[in-house]
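The values are calculated or read from the model by the stated rules, or taken from the named source; none is laboratory data. Computed from a prediction, not measured in an experiment: that's the story for all the values here. Neighbour counts are summed over all protein chains in view; Cβ atoms, including those assigned to glycine, are modelled from backbone coordinates with ideal geometry.
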Amino acid sequence: MSNAEPPIKLDFSAIMASSVHDMKNSIQLLLGTLDEVVDELPAEAKSHAKILRAEAEGRRINDQLIQLLTLYKAGNTKQSLRLSEHSVNEFLEELHIENHELLSLRGIELSITCDEELAWFFDRELLKGVINNLITNAQQYTKNKIELNASLCDKKLLFSVDDNGPGYPDAMLKCYGTPHEIIPDKNSTETGGTGLGLFFSATIAHLHRNRKECGYLQTSNNGIDGGARCTISLP
Amino acid sequence: MPLWTLKNSKILVVDDYAEMRSMLRSMLIAYGAEDIKQSSNGEDAIEKIANNKFDIILCDYNLGEGKDGQQVLEEAKHREILPLATTFIMVTAENTSMMVMGAIDYQPDAYLAKPVTKVTLQTRLRKIIEKKEFTKKISIEIDKKEYGKASKLCDEAMSDHPALCLELQSLKYTLLTTIGDHDAAEVLCKEMLADRDIPWAQLGLASVYFSQQKYSETKELLEEIIAGNNDFIAAYDLLSRTQKKLGDSHAAEETLAKAIQKSPKSLVRQRELGELAVLNENHTVAERACRDAMLIGKHSVLRKANDYVNYSQALVKNNKGKEALKIADRIKGAFKGDQDARLQAEICKSTVHQALGDDTKAEASVDAALVLYEKYGPNFSSGAGIALAKSCLKYNKEEEADTIIKDVAKNNHEDKAVLEEINQTYEEAGFSGKADVAIAAAVGEIAEINNEGVRLINEGKIAESIELFKKAAKALPLNHTISLNAAQSYLLLMKKEGANKQYINETMLYLDTVKDVDSIKKKYNELMASCREIALQTD
């Protein structure tokens, strides 16, 4: 009776994959049901803050799951992306639709600047996680504006999320060529968060490759009126 | 009510969760959809796709047991039941990079990541369908096999809609490989790859190299693709085939074993692994792969009686004769009404009985097979024919063996591998040299027919040449050269006397029998092109 049981050997990646699969289906049902509930509401209640909040949190859980799975895999196996060509403007519009109502209830205006014809190769789902992450960051610091920009520069696609807040502290201004340069710090005070979001974003940027070039993440204070700007460059 | 509507769209929703299906359904209904069918698994989805012409298919990648979404897409395309004009959207729950990526002609129109909300539907689905509309008229022409028209439309669209360049290039690739214009496909792939490595376009180029029989280049490129995309299963499949062509069947087996580890549920992949393992005399692997091929194929139209035969033979090699016999006995019931399968079953049984040392039963099976052969003529696969001849030789039925071998040789007079196999069979049975005589006679007979036909054409006796080739093609329906010559005679006749519907149909039928033969693709395409040209003028 006193003998300790041998530890059970688990294939954690399989458990992770199967759990994430189930959770994503749950989120689908959760958000879908919420959609149906909203349909039954009178028009003036449809944009109620609490409903928008619930939707946003559902999407946030989804983004977090993607982040978790991606970082787990990045640490364990060789990760490959699903690169396809997407219309950048469409992609940003989708992000705008999902975010702008809730932001405007908080007095934050979300806008897009992007050439309508612009198309580029990227992993849509992962990059959506990245930009959502950056929007979540920005809304904590901005005064009242967040801008999503996309443009081509020197055969690279530059995505940037700008705000008109106080900008990054000097210590954080840098180009993160590889994700290893950002080590998530659980006690970080200067970022106000765990730094995990930035780490995730840099990881995803870095995974985007073309020929010999890798993507990167750069922080600057070239945002609106000297506010923060986080740029993702994808080759 | 939104302006955009799915009112007239015929839609199929495939998901193993009933709740998920009904949720997607109600979202689609909100956008006006009225005709929505549902499937809970891949097999049912295939059946519905075969029996309906859908405008839009929303298919979950993960369908529980059985086929996954990519396999549904691949089987539907392979069986040509999924028109190019149908919008196929893969709905994915997990991070998409974990999924099996398809080759260039097995790509869905788009991936839609869960959660799919009404907002996503409104933005994404709409854009995907709008985009598809631009390429639809080209797809429709390709579906109708109007390749010339499709090609013209495609080129026009490329200059009108540069933003759709990649979709159009991909469509053009499908078009070019369908009509066998590999050189143009090569140029196209290189254009696509000018600025960036796109894995499916790289694989497209590799398949072009493969078709051009440039196997070393194919191998090099595939190894590069796999180094960058460890999970690109379609690249492993082609690499294995390339390695086999290069004569390295052990490397080919190893490559395919890796692919099976990543994606075991494919009938064709298991079948090929089984065949390679048989070739390499790797009996344990062979038994497992052949069994899996048979089991996976149970409900698939891609299954062949040969899967049962291979499994049975693998069991024999592993000294499991009784099990082998059971499998051989199942063939007749599993392939009712299929004469080739019945013949294969008898041949298979005869070899199993031989292995079990029961010569009486073995010979009885050979006799049963010979009756079938007599009755249904020489239109059997070369493998079955050679196996039967082998058994005949064993039981002193040399005359029967000679007849069968001659038929096989006549049907495959240009296929070196088949002729070599015949040689080997005779040598092993102690009749070296005898095969040469049979083969030479067969090849001579074919050459004579062809020469005579060409002479008739040169003398302007085209109607006579048609009669000659028609007769030859009836006797040797599997001989590609004769089928091509029959088609060509018809084309010459139409050029001389003018076209008519009946001649066009005859030509098309002959050409259709050789459409999948790589070695004569160029000739096939030339004839196909003139046939289409004539057909267009007559309408």
(request) Tell me, yes or no, whether the stretch B:198-214 has at least one residue that is among the polar types (S, T, N, Q), more than 30 Å from residue A:155 (Cα to Cα), in a helix (DSSP H, G or I) and out of contact with any His (no Cβ under 6 Å at 6 or more places or on another chain). (result) no
(message) Tell me the residue from B:239, B:205, B:246, B:221 that is of a type outside the set (Val, Ile, Thr) and at pLDDT below 95, please.
(response) B:246
(request) Give the residue, chosen from A:103, A:69, A:29, A:52, that is in a helix (DSSP H, G or I), more than 19 Å from residue A:204 (Cα to Cα) and at the interface with another protein chain (Cβ under 8 Å from one of its Cβ atoms). (result) A:29
(request) State all residues of the stretch A:35-49 that are touching a residue at least 40 places away in the same chain (Cβ under 8 Å) and outside any helix (DSSP H, G or I); if no residue qualifies, say none. (result) A:47
(request) Answer yes or no: is there a residue in the stretch B:301-316 that is in a helix (DSSP H, G or I) and more than 22 Å from residue B:385 (Cβ to Cβ). (result) yes
(request) Could you list, in sequence order, all residues of the stretch B:162-183 that are among the charged types (D, E, K, R) and closer than 15 Å to residue B:139 by Cβ? (result) B:167, B:172
(request) Considering each of B:191, B:167 in turn, give the residue that is at pLDDT 90 or above and either in a loop (DSSP other than H, G, I, E, B) or not hydrophobic (A, V, I, L, M, F, W, C) (or both). (result) B:191
(request) Check B:418, B:352 and return the single one that is surrounded by 15 or more Cβ atoms within 10 Å (Cβ to Cβ) and modelled with pLDDT under 90. (result) B:418
(request) Give me a count of the residues in the stretch A:118-158 that are buried (at least 19 other Cβ atoms within 10 Å of the Cβ), more than 12 Å from chain B (Cβ to nearest Cβ) and acidic (Asp, Glu). (result) 1
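Residue by residue, here is whether (1) surrounded by fewer than 20 Cβ atoms within 10 Å (Cβ to Cβ); (2) more than 23 Å from the chain's Cα centre (by Cα); (3) among the basic types (Lys, Arg) holds:
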| position | (1), (2), (3) |
| --- | --- |
| B:437 | yes, yes, no |
| B:454 | yes, yes, no |
| B:460 | yes, yes, no |
| B:466 | no, yes, no |
| B:484 | no, no, no |
| B:489 | no, yes, no |
| B:496 | yes, yes, yes |
(request) Output the residues belonging to the stretch A:134-164 that are touching a residue at least 12 places away in the same chain (Cβ under 8 Å) and among the charged types (D, E, K, R). (result) A:143, A:145, A:147, A:155, A:156, A:162, A:163
(message) For the list (1) part of a helix (DSSP H, G or I); (2) modelled with pLDDT under 85; (3) surrounded by fewer than 20 Cβ atoms within 10 Å (Cβ to Cβ), I need the number of the one condition that residue B:528 fails.
(response) (3)
(request) State yes or no: is residue B:61 closer than 30 Å to residue A:71 by Cβ, within 14 Å of chain A (Cβ to nearest Cβ) and touching a residue at least 12 places away in the same chain (Cβ under 8 Å)? (result) yes
(request) Name the residue, out of A:179, A:166, A:184, that is at pLDDT 90 or above and over 30 Å from residue A:116 (Cβ atoms). (result) A:166
(message) Out of B:160, B:155, B:143, I need the residue that is away from every other protein chain (no Cβ under 14 Å) and over 25 Å from the mean Cα position of the chain (by Cα). Which one?
(response) B:155
(request) Could you grab me the full set of residues in the stretch B:37-64 that are of a type in the set (A, V, I, L, M, F, W, C) and over 17 Å from residue B:128 (Cβ atoms)? (result) B:45, B:46, B:49, B:50, B:63
(request) Being aromatic (Phe, Trp, Tyr), under 15 Å from the mean Cα position of the chain (by Cα) and assigned to a helix (DSSP H, G or I) narrows it down to one of A:159, A:91, so name that one. (result) A:91
(request) List every residue pair whose Cβ atoms lie under 7 Å apart, where the two residues are 6 or more positions apart in sequence or sit on different chains, the first residue falls within the stretch B:39-52 and is more than 15 Å from residue B:11 (Cβ to Cβ), and the second residue, located anywhere, is among the β-branched types (Val, Ile, Thr) and assigned to a helix (DSSP H, G or I). (result) B:42/B:72; B:46/B:72
(request) Find the residue count for the stretch B:161-191, including only residues that are among the small types (Gly, Ala, Ser) and under 16 Å from residue A:121 (Cβ atoms). (result) 2
(request) Looking at (1) in a helix (DSSP H, G or I); (2) without any contact (Cβ under 8 Å) to a residue 40 or more places away in the chain, find the lone condition where residue B:264 falls short. (result) (1)
(request) Return only the number of the condition from (1) in contact with a Ser or Thr (Cβ under 7 Å, 6 or more places away or on another chain); (2) modelled with pLDDT of 90 or more; (3) not polar (S, T, N, Q) that residue B:138 does not satisfy. (result) (1)
(message) Give all pairs with beta carbons closer than 8 Å in which a residue from the stretch A:9-34 that is without any contact (Cβ under 8 Å) to a residue 24 or more places away in the chain and of a type in the set (Val, Ile, Thr) meets a residue that is surrounded by 13 or more Cβ atoms within 10 Å (Cβ to Cβ) and assigned to a helix (DSSP H, G or I); count only pairs at least 6 apart in sequence or on separate chains.
(response) A:33/B:23
(message) With the condition being within 24 Å of residue B:267 (Cβ to Cβ), I'd like the strands (runs of 3 or more DSSP E) fully within the stretch B:1-98 carrying at least 3 qualifying residues.
(response) B:56-60, B:87-92
(request) Starting from residues that are surrounded by fewer than 17 Cβ atoms within 10 Å (Cβ to Cβ) and closer than 21 Å to residue A:106 by Cβ, keep the ones in the stretch A:42-53 and report whichever is farthest from the chain's Cα centre (by Cα). (result) A:44
(request) Considering only residues that are closer than 23 Å to residue B:161 by Cα and not in a strand (DSSP E or B), look in the stretch A:107-117 and name the one that is farthest from the other protein chains (Cβ to nearest Cβ). (result) A:115
